[in-house]
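Accompanying notes for the structure given below.
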Amino acid sequence: MHLEAYIAHIDQLKAEWRQLMRENGFDAVVVYAGANQTYYADDQEPPFHAFGHFLRWVPQSDCEHAALLISLDSQPVLLWYAPSDYWYLPSDAPEFCNEVFIVQTFAELDDLQHALHQQTRSKSNVAHLGNVTTSSETNSDPGPAERLLRQLDYQRAFKTEFEQLCIKEATSRGVLGHHAAAQAFADGGSEYEIHLAYLRASSQHEAELPYPSIVAMNTHAATLHYQKYDREPAAEIHSLLIDAGAKVHCYHSDITRTYAASTNDEFAELIDAVDQAQQGIIKQITLGKSYLDLHDEMSERIAAILSEHEFVTCSPTTAYESRLVDAFFPHGLGHLLGLQTHDVGGLILEKDGHQVPPHSRYESLRLMREIEPNMVFTIEPGIYFIPSLLAGWHGHQDVNWSKVNRFICYGGVRVEDNILVGPSGPINLTRNAFSAASADA
Ligand code: GLY
Ligand code: MN
Ligand code: MN
């Protein structure tokens, strides 16, 4: 734990939250970690994922039912639930919380709720954030609490030094997994074996992953969030796309690499081209530029690759303008990264909390904000051979069908790095971690 950085992080959150509380007329906010639900008609639960804004204060995943009370002038109070239980082992409140909060621990939920009620009774306007509903206690109109939440979502894009350290470490941890996965692929492992190699090397069990790892060989790489793990390798291996991340103190990394089975074939050339274009677009990151423009430029670069590598017979401009390029690159260039893999706030362009609808052409683009210092986001272009999308262009003269059909067996390419926006430009956490891991080897 980076205790000094964590204490500074909490100081900054206190100042930012209190200013927004004042602006919205709240003298207290309760942030709930949330509670898990069982599967339908079952007594088993999926892994618990706490509310991101709670984790920002208390980065500890095992925090079900906890609540944090933030007031304008007194020290925040962490109400922690640690039942006396012989079915599951409860966690204590993390030690580092004692440095910054008054920690109250309860064995009974009723007692926790009673204590919370007692401590908020004298407040005149309390916002309750998280735990299914977002509401203001003394105000039937949920407007102000909802607005406060959107403003907090906007601010979450700017990572404090503590958060940057966590994401950097999560990236290094993911890179350890990626190295082992590449080796398992080279050794002839199946998707399942590559998945296990990743888990072991990044020291994570499945429920700790930030998102289910995508381990996709051959045509499986054309399913963007492919979720199965074949136990046996296919008879003929052409490619591997692995999109897998890690967590450190609840902060995520999100990394993708693509490998060709044969290192000097035409698919390896395509991977190189996407890799070069990805690094080229990262060089275009400047403060004040819109991420939407970056996505748009990437679409043009993808169109150029499609034309150069003769997947299309038309000019790059035509492929871009006719949206043919969108059939090969159907997802956004990236997204904010933090306590969620797709972190909140990407479509809130102004600090007033107003959210814009998705872009009319790039509907799956989750980030349209101006690039500013301390943001962390991914850059993840790809080129895929997705039969259902190509079917929309069936027989079209602008597509070189013989080449495209030959590439169906590879599924697709994605290269994904985690980028921190430093005071004067982008810092590629992923490439830095790969370089450091190679230097250590
Ligand atoms: N791993 C999901 C994504 O790249 O957005
Ligand atoms: Mn991503
Ligand atoms: Mn990813």
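Got a sec? Which strands (runs of 3 or more DSSP E) wholly within segment 1-87 have at least 3 residues that are closer than 21 Å to residue 153 by Cα?
Values: elements: 28-32, 67-71, 77-81.
Of the strands (runs of 3 or more DSSP E) lying wholly inside segment 1-87, those with at least 3 residues that are closer than 21 Å to residue 153 by Cα span 28-32, 67-71.
Answer with yes or no whether residue 103 is within 29 Å of residue 352 (Cβ to Cβ) and of a type outside the set (Ser, Thr, Tyr).
Taking the combined requirement at face value, the residue does not satisfy it.
Grab the helices (runs of 4 or more DSSP H) fully contained in segment 285-397, keeping just those with 2 or more residues being more than 16 Å from ligand 3 (Cβ to nearest atom) and loosely packed, with under 14 Cβ neighbours inside 10 Å. Step through it out loud before you land on a result.
Working: elements: 291-308, 316-321, 324-328, 387-390.
Once the helices (runs of 4 or more DSSP H) in segment 285-397 are filtered for at least 2 residues that are more than 16 Å from ligand 3 (Cβ to nearest atom) and loosely packed, with under 14 Cβ neighbours inside 10 Å, what remains is 291-308, 316-321, 387-390.
Against the condition in contact with a helix residue (DSSP H, G or I) (Cβ under 9 Å, 6 or more places away or on another chain), at negative phi, within 16 Å of ligand 1 (Cβ to nearest atom) and hydroxyl-bearing (Ser, Thr, Tyr), how does residue 384 come out, does it pass? Give the steps one after another, and end with the answer.
On the way: in contact with a helix residue (DSSP H, G or I) (Cβ under 9 Å, 6 or more places away or on another chain): yes; at negative phi: yes; within 16 Å of ligand 1 (Cβ to nearest atom): yes; hydroxyl-bearing (Ser, Thr, Tyr): yes.
Yes: the conditions hold for residue 384.
Being among the charged types (D, E, K, R), modelled with pLDDT of 95 or more and within 15 Å of ligand 1 (Cβ to nearest atom) is true for just one of 228, 247. Which residue is that? So that I can check it myself, show each step before the final result.
Details: 228 fails: within 15 Å of ligand 1 (Cβ to nearest atom).
Only one candidate qualifies: 247.
What's the number of the only condition in (1) surrounded by fewer than 23 Cβ atoms within 10 Å (Cβ to Cβ); (2) away from ligand 1 (no atom under 16 Å from the Cβ) that residue 220 fails to meet?
Condition (2) is where residue 220 drops out.
Here's the yes/no breakdown for (1) free of Cβ contacts under 8 Å to residues at least 60 places away in the same chain; (2) surrounded by 15 or more Cβ atoms within 10 Å (Cβ to Cβ); (3) within 17 Å of residue 50 (Cβ to Cβ); (4) touching a helix residue (DSSP H, G or I) at 6+ places or on another chain (Cβ under 8 Å):
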residue: 68; (1), (2), (3), (4): yes, yes, yes, yes
residue: 76; (1), (2), (3), (4): no, yes, yes, yes
residue: 81; (1), (2), (3), (4): yes, yes, yes, yes
residue: 84; (1), (2), (3), (4): yes, no, no, no
residue: 89; (1), (2), (3), (4): yes, no, no, no
residue: 93; (1), (2), (3), (4): yes, yes, yes, no
residue: 109; (1), (2), (3), (4): yes, no, yes, no
residue: 118; (1), (2), (3), (4): yes, no, no, no
residue: 122; (1), (2), (3), (4): yes, no, no, no
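Of (1) more than 18 Å from residue 249 (Cα to Cα); (2) away from ligand 2 (no atom under 16 Å from the Cβ), residue 224 satisfies all except one. Which?
Every condition holds for residue 224 apart from (2).
Cβ-Cβ under 7 Å, sequence separation 6+ or interchain: first residue in segment 254-270 and under 26 Å from residue 335 (Cα atoms) and within 16 Å of ligand 3 (Cβ to nearest atom), partner part of a loop (DSSP other than H, G, I, E, B) and not hydroxyl-bearing (Ser, Thr, Tyr). Which pairs?
Cβ pairs passing all conditions: 254/210; 254/245; 254/337; 255/245; 256/380; 256/415; 257/415; 258/415.
Considering only residues that are within 23 Å of residue 433 (Cα to Cα) and more than 14 Å from ligand 2 (Cβ to nearest atom), which ones fall in segment 264-281?
Just the residues of segment 264-281 that are within 23 Å of residue 433 (Cα to Cα), to begin with: 268, 271-281.
Passing the criteria: 268, 271, 272, 273, 274, 275, 276, 277, 279, 280, 281.
For segment 402-414, does any single residue satisfy the condition of being loosely packed, with under 14 Cβ neighbours inside 10 Å, among the hydroxyl-bearing types (Ser, Thr, Tyr) and away from ligand 2 (no atom under 16 Å from the Cβ)?
The answer is yes; a qualifying residue exists.
Any residue that is within 29 Å of residue 305 (Cβ to Cβ), out of contact with any helix residue (DSSP H, G or I) (no Cβ under 7 Å at 6 or more places or on another chain) and within 14 Å of ligand 3 (Cβ to nearest atom) - is there at least one of those in segment 190-207?
Taking segment 190-207 first, the residues within 29 Å of residue 305 (Cβ to Cβ) are 191, 194, 198.
When the remaining residues are screened for being out of contact with any helix residue (DSSP H, G or I) (no Cβ under 7 Å at 6 or more places or on another chain), the result is 191.
Of the ones still in play, those that are also within 14 Å of ligand 3 (Cβ to nearest atom) are none.
No: segment 190-207 contains no residue that is within 29 Å of residue 305 (Cβ to Cβ), out of contact with any helix residue (DSSP H, G or I) (no Cβ under 7 Å at 6 or more places or on another chain) and within 14 Å of ligand 3 (Cβ to nearest atom).
Do we find that residue 430 is under 16 Å from residue 274 (Cβ atoms), part of a helix (DSSP H, G or I), under 21 Å from the mean Cα position of the chain (by Cα) and in contact (Cβ under 8 Å) with a residue 40 or more places away in the chain in this structure? Walk me through it before giving the result.
Numbers: under 16 Å from residue 274 (Cβ atoms): yes; part of a helix (DSSP H, G or I): yes; under 21 Å from the mean Cα position of the chain (by Cα): yes; in contact (Cβ under 8 Å) with a residue 40 or more places away in the chain: yes.
The answer is yes for residue 430.
Pairs under 6 Å by beta carbon, first residue in a strand (DSSP E or B) in segment 413-427, partner within 16 Å of ligand 2 (Cβ to nearest atom) and of a type in the set (Asp, Glu), six or more apart or different chains?
Cβ pairs passing all conditions: 414/380; 416/380.
The values are calculated or read from the model by the stated rules, or taken from the named source; none is laboratory data. Given the structure is predicted, the values throughout are model-derived calculations rather than measurements. All Cβ positions, even for glycine, are placed from backbone atoms using ideal geometry, and neighbour counts span all protein chains on display.
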